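Down below is the structure, laid out as structure tokens.
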Amino acid sequence: MPPPVLGIPGFPPGLAPSGEFRGDPRGAYPWWYPQSAIGRAIEWATLGTQFLTLAAGTANQAQITVGGGFAFVILETMAEARDAATDADVPQPNVLVQLQDSAGDANLFNAPLHIRTVFGTAEEPHYWGTSGGGVPRILAPNTSLTVSVTSREPAIGLDLFLAFGGFRIWGNRPE
């Protein structure tokens, strides 16, 4: 499948009409692709949040807001954890995570999950999309995703960085 063509007349550089995003060589969209998004502009994007100095045994939450002009499709998630005191890499942080989409006002998981069941790394992201038959999460415009984390580390504070990779589906052709 050829990559999307960028710089198409009528679209700003870096954007492509969603018709260039095809799920198979015959030109069909992936089965999960929203019907209302067909023909709209898309662009790759990453939404992220960070928890600096998440103390051992504490909980915190942050909101990621999706703007009014676009929906966001989560295809992959990545996490990076560092020791807050030494900046050393913590490859297997002992952290629980819960996600809540304000559009449905419900948690995505029935209970908080270990971070490595939901987030991969930059080298090996956790794919929500097509691999393994997964379904991407589509966040509607003007909504937010609440990320709740609980450190189960016994002795160290963490700097935790979380990223949601995917693409924006613009409501209209952006000017």
If you count, for each residue, the other Cβ atoms within 10 Å and average over each peptide, how do 102-115, 54-67 line up from highest to lowest? 54-67, 102-115
Sequence order, region 136-152: Karplus ³J(HN,Hα) from phi using 6.51 cos²θ - 1.76 cosθ + 1.60, θ = phi - 60°, Hz rounded, Gly and Pro as x, gives x, 9, 9, 9, 6, x, 6, 10, 9, 10, 8, 10, 10, 10, 10, 7, 10
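Rule-based calculations on the coordinates, nothing more; no lab input. What you see is a predicted model, and the numbers here were worked out from it, not measured in a lab. Cβ atoms come from the backbone with ideal geometry, glycine included; neighbour counts cover every protein chain shown.
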